[in-house]
Amino acid sequence: MSEDIKYMERIAALITAHIRGTLNEEEALELKVWCAQSAANQALFDKLSDPEYVKDNIKDLPNIQALKAAGWDRLDSRLSEEDPEWQGAPVRRMNWKRYLVAASLVGVAVVGALVYVRSRRDAGVVATSAPIASRLKNDVAPGGNKAVLTLSDGTTVVLDKAGKGAIANQGAAQVTKLGDGKLAYNILTEKPTELAYNTLTTPAAGQFQVLLPDGSKVWLNNASSLRYPVAFAGKDREVELKGEAYFEIAPNSRQPFKVKVDDMLVDVLGTSFNISAYADENTIKTTLLTGAVRVSKGDAEKLLKPNEQVQLNETGKLSVVDDVDVDGVVAWKSGLFHFDRADIRTVMRVLARWYDLDVRYEGPVTSHEFGGFIEKGLNLSQVLEILQKNQVHFDLDGRKLTVRP
């Protein structure tokens, strides 16, 4: 049986377990990663996780290309209500940690769109000289919902330590912490007497969400900041971003939404998009998921369509990339790292921000490229164990991480 068919049978088994409510944590993560790979996977999951849809359309399901190619005739009984296996027999468990979700694109098995590396016993990939645990003087926990809110008078509030409920009144709005990792602004009066600004700042190893006064939603990634008015009273709704954020903008044709990133401006026309503008990266990337945005710098401007990305390079040139993997771009919002032919320095910059690391290099740097997804909830040692399967090794002392051949 081909690897593709085995893999799709595995996905069918996971969806079956999802419907029955019997997924364990590792299986739920495995299914989550697969869904995050593409909009097509998510759509397929939505269809197959609906028992009524499966019951009504079981004979037509071979027309779904992703399953047709994998031999649906061997899979349909897994989801059929007539199958005795539906009645509660446990799904065969797979050791998820042996199917690692990120590794070198050189010499690995590719199943669908997801890159895997098999364990040493399974595929003989490059092994480390010693278990990584023996070279770690400590481990580092993953980041989480952490942020500091700076109020208009300069007062700061550590949000991850603040309780739920009202935090402060700011001009025309009341600031409220809704829950772990979420902040909201409730308008108290439609006519503010003064324009007040707040700044939401996430540290390295932090992230947070904010519901702006106009109803727009912003997910702020680690090591980022967002400055915004507590009430949008002018002709524009303008915010300032440093770092990375995903936006879902509430439409309002009378009051355009604008995101300022240094001297670059993103004009929004009611849409969802992602901006990555970290100071340690060579390019600022604006990726459009839905709607339309116009990105401008000086006299140059680009109008984006869905699934396009505009890049601003170090020389100030704007360029558009077509057919972008938008699911991969916003995977961070769903709790996943995504790498697409990334070199080791790119991977390390991402990990340094999430685990708050000081990364150094010793000796020649591997030329391997990395691709795939890694769950952001893993401890650093687990992530390093994945990466060092491919001609790269690590030593960790406190938060000082050394990368070596």
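Here are the numbers for this structure:
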| read-out | value |
| --- | --- |
| Residue among 360, 353, 349, 399 that alone is modelled with pLDDT of 95 or more and either aliphatic (A, V, I, L, M) or farther than 30 Å from residue 238 by Cβ (or both) | 360 |
| Residue in segment 230-237 that is assigned to a strand (DSSP E or B), in contact with a strand residue (DSSP E or B) (Cβ under 7 Å, 6 or more places away or on another chain) and more than 19 Å from residue 157 (Cα to Cα) present | yes |
| Some residue of segment 336-357 being within 29 Å of residue 32 (Cβ to Cβ) and among the hydroxyl-bearing types (Ser, Thr, Tyr) | yes |
| Of all residues making up segment 194-220, the number that are assigned to a strand (DSSP E or B) and either touching a Leu at 6+ places or on another chain (Cβ under 6 Å) or closer than 30 Å to residue 141 by Cβ (or both) | 15 |
| Residue within segment 281-292 that is more than 26 Å from residue 347 (Cβ to Cβ), modelled with pLDDT under 95 and in a strand (DSSP E or B) present | yes |
| Filtered residues of segment 264-316 (kept if more than 16 Å from the chain's Cα centre (by Cα), buried (at least 18 other Cβ atoms within 10 Å of the Cβ) and among the hydrophobic types (A, V, I, L, M, F, W, C)) | 264, 266, 268, 284, 293, 295, 304, 310, 312 |
| Flag if residue 327 is buried (at least 16 other Cβ atoms within 10 Å of the Cβ), closer than 30 Å to residue 302 by Cα and of a type outside the set (Val, Ile, Thr) | yes |
| Qualifying residues in segment 1-58 (those that are at pLDDT 65 or above and aromatic (Phe, Trp, Tyr)) - the one nearest to residue 339 (Cα to Cα) | 34 |
| From the options 320, 365, residue that is within 23 Å of the chain's Cα centre (by Cα) and over 23 Å from residue 36 (Cβ atoms) | 320 |
| Residue 374 being in a helix (DSSP H, G or I) and more than 30 Å from residue 297 (Cα to Cα) | no |
| Candidate set from segment 340-364 (those that are in contact with a strand residue (DSSP E or B) (Cβ under 7 Å, 6 or more places away or on another chain) and of a type in the set (A, V, I, L, M)); member that is farthest from residue 139 (Cα to Cα) | 342 |
| Residue list for segment 249-263, restricted to those being among the small types (Gly, Ala, Ser) and either more than 24 Å from the chain's Cα centre (by Cα) or assigned to a strand (DSSP E or B) (or both) | 253 |
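The values are calculated or read from the model by the stated rules, or taken from the named source; none is laboratory data. The structure displayed is predicted, hence computed values, not measured ones. Cβ coordinates were reconstructed from backbone atoms using ideal geometry, including for glycine residues, and neighbour counts include every protein chain displayed.
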